[in-house]
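Okay, structure first, notes after.
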Amino acid sequence: GKNIVINANKFIYNKVLSKLSAIGNVEVYDSANNISLISDKMLYHINLNKVTSDSFSQIKDELGNSFISESFIYTLNDYLIKFDNLKFTDVEKNITQINKAYVNTKSKKIIGKDVLVSFNNKSFNNDNEPRLKGNSIVSNGNDSLITKGVFTTCKRNDDCPPWQFSAKEIKHDKKKKTIYYKDAWLKIYDKPVFYFPKFFHPDPSVKRQSGFLMPGFKSSGTLGGAFHIPYFHVISDNKDMTIQPRFYSDQK
């Protein structure tokens with residue numbers, strides 16, 4: 001196509017099938033959508049205006065987002081890339097893993113199923129691993145909507161996390177840096193404890209903003225388990241306060 005530039009160590013052209021194979025240090029640049037496709041081997045279907053690869057590939061856009069996949073199919077006429085086992089890293093260094101994903105290179109919309117979002121841990125200590133898991137995702141770059149989602153900051157282990165939010169829908173508003181929940185349950189060790197029709201808190205990148213903070217769970221030999229949901233209120237540039245109610249498992 002007129003918007004496609006292909007660089008590679010070796011080319012094989014099949015005139016009968018109208019296919020061009022690119023092998024070794026392959027880079028395809030799509031000037032219409034300002035994206036680069038990098039792999040060891042790609043196939044350009046000339047008549048169909050389609051680029052495919054069954055090799056480990058990376059795609060970069062002008063915003064600084066990176067898409068890494070085991071294989072992809074890019075139909076340029078539809079602006080649509082189909083990925084298998086996609087690993088998507090955004091400019092905030094949040095990593096989203098999707099089993100099956102479709103990305104529109106024109107609208108920047110992402111649709112996929114079986115999703116895991118691992119947030120950048122810059123605002124947390126090493127004992128936290130904030131992450132969000134769900135059945136499906138629809139993202140337009142500014143908002144991500146995840147169905148049947150689960151959110152927690154607990155460190156990964158073989159057991160269920162000490163606490164998690166489980167919700168029918170979880171929305172991550174990247175502009176407001178807020179996570180919203182619809183029909184949510186707070187679960188402690190996988191047991192439903194509190195129900196919230198609606199709930200929200202700042203996402204893991206926020207350091208100073210009024211609103212609910214990340215929930216926490218502590219265990220004590222004398223008091224039992226305690227779950228707390230802090231509320232942080234900014235009074236002025238140099239004044240703030242935090243209210244931290246606690247809910248104890250042993251009715252204390």
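In sequence order, the range 68-82 has phi-based couplings of 10, 8, 6, 7, 8, 10, 10, 8, 5, 5, 9, 6, 10, 10, 9 Hz under the Karplus curve 6.51 cos²θ - 1.76 cosθ + 1.60, θ = phi - 60°, and Gly or Pro positions carry x. Between amide H atoms placed 1.01 Å from N, distances below 5 Å from residue 201 occur with 179, all of them 5 or more places distant or on a separate chain. The calculated pair-distance distribution of the range 32-80 uses every alpha carbon pair, bins of 10 angstrom beginning at 0, and gives 25, 58, 16, 0 percent. Modelled label positions at residue 120 and residue 92, each set 7 Å beyond Cα in the direction of Cβ, lie 0.8 nm from each other. Ranking of 113, 15 by solvent-accessible surface, largest first: 15, 113 (1.4 Å probe, protein heavy atoms only, all chains present).
Measuring only protein heavy atoms, the 1.4 Å probe finds residue 240 accessible over about 70 Å².
Based on Cα contacts under 8 Å between residues 6+ apart, the range 78-125 shows a relative contact order of 34 percent.
Heavy-atom accessible area, probed at 1.4 angstrom with all protein chains present, ranks 56, 88 as 56, 88, highest first. Per the Debye formula on identical point scatterers at the alpha carbon atoms of the chain, with no solvent, log10 I(q)/I(0) at q = 0.10, 0.13 Å⁻¹ is -0.60, -0.85. With protein chains left intact and a 1.4 Å probe, residues in the chain average 56 Å² of accessible area per residue.
The HN-Hα couplings worked out from phi for the range 13-19 by the Karplus form 6.51 cos²θ - 1.76 cosθ + 1.60 (θ = phi - 60°) are 9, 9, 5, 5, 8, 6, 10 Hz, whole numbers, x standing for Gly and Pro.
For residue 107 and residue 195, the difference between the fully extended length at 0.36 nm per residue and the C-alpha to C-alpha distance is 28.1 nm. With R₀ fixed at 51 Å, the C-beta to C-beta distance from residue 235 to residue 9 puts the FRET efficiency at about 0.25. Note on the chain: with neighbouring protein chains present and a 1.4 Å probe, carbon and sulfur make up 51 percent of its accessible heavy-atom surface.
When 86, 145 are compared by accessible surface with a 1.4 Å probe, the order from highest to lowest is 145, 86.
Accessible surface of residue 241, taken over heavy atoms with a 1.4 Å probe and every protein chain present, rounds to 90 Å². The figure for residue 168 is an accessible area of roughly 120 square angstrom, using a 1.4 Å probe on the protein chains alone.
The values are calculated or read from the model by the stated rules, or taken from the named source; none is laboratory data. Owing to the predicted nature of the structure, the values given are computational and were not obtained by experimental measurement. With ideal geometry, Cβ positions are generated from the backbone for all residues, glycine too; neighbour counts draw on all protein chains shown. Please note that ligands, DNA and RNA were not included when accessible areas were found on the heavy atoms of the full protein model with its side chains. Shrake-Rupley method; radii C 1.70, N 1.55, O 1.52, S 1.80 Å.
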